[in-house]
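The values are calculated or read from the model by the stated rules, or taken from the named source; none is laboratory data. This is a predicted model, so every value here is computed, not measured. Please note: Cβ atoms are built from the backbone with ideal geometry, for glycine as well, and neighbour counts cover all protein chains shown. For the accessible areas, the whole protein counts, side chains as well, though only heavy atoms, and no ligand, DNA or RNA atoms are used. Shrake-Rupley method; radii C 1.70, N 1.55, O 1.52, S 1.80 Å.
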Amino acid sequence: MQTEVVLAIGGNKGDRADFLQKAMDALSRQATLVGYSQIYETEAWGGVATSGNFLNQVVLIHTEMDPLVLLEVIQGIEEQLGRTREQHWGDRTIDIDILYFGDQVWDTPSLTIPHPYLAQRGFVLQPLAEILPKKIHPVLGKTSLELLAECTDQGQVSVWKQER
């Protein structure tokens, strides 16, 4: 049975746009790519990353994998694209987070769904509201647009203008 899954992808090291595209290509080999947001450029969140602004995007896929198998696949893609986990919320080539897995709620040591910081991150809510404005958070009971309107994250989020 296919499940609709919402992912956030982003990174701030190296050729940021190329890493986003490579992540999308790798994801499309593992699941059915259904849609994606524009690319947004955002300030680092969490006060740790120092290599400049992030490019972020929200991606919608359909998959038959269960959440833990998908997590393994995602971590494998991150590793293939040079992701190292040196510092929590630090600089990275690519980061892929599961935001929603259908309407499921998970809270395990290795995976929490919906993503625990989703409602606090403007850089996730802006592209999420773009492609799924009426998606209801299964725990908070609010739409993506409502969560974006209530978000107190003051970080700059803007549609990315590709460097020439």
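Taking segment 25-64 as the search range and keeping residues that are of a type in the set (A, V, I, L, M, F, W, C) and modelled with pLDDT under 95, which one is surrounded by the fewest Cβ atoms within 10 Å (Cβ to Cβ)?
So in segment 25-64, the residues of a type in the set (A, V, I, L, M, F, W, C) come out as 26-27, 31, 33-34, 39, 44-45, 48-49, 54-55, 58-61.
So of that shortlist, the ones also modelled with pLDDT under 95 come out as 44-45, 48-49, 54-55.
Values: 44: 18, 45: 19, 48: 11, 49: 19, 54: 24, 55: 22.
My answer is 48.
State the number of residues belonging to segment 95-123 that are aliphatic (A, V, I, L, M), within 24 Å of residue 55 (Cβ to Cβ) and open to solvent by less than 20 Å² (accessible area, probe 1.4 Å).
Taking segment 95-123 first, the residues aliphatic (A, V, I, L, M) are 96, 98-99, 105, 111, 113, 118-119.
When the remaining residues are screened for being within 24 Å of residue 55 (Cβ to Cβ), the result is 96, 98-99, 113, 118-119.
Now drop any that are not open to solvent by less than 20 Å² (accessible area, probe 1.4 Å), which leaves 96, 98-99, 113, 118.
The qualifying residues number 5.
Mind checking which residues of segment 111-148 are in a loop (DSSP other than H, G, I, E, B) and in contact (Cβ under 8 Å) with a residue 60 or more places away in the chain? First the steps, then the outcome.
So in segment 111-148, the residues in a loop (DSSP other than H, G, I, E, B) come out as 111, 114-117, 121, 132-135, 137-142.
Within segment 111-148, 115, 121, 132, 135 qualify.
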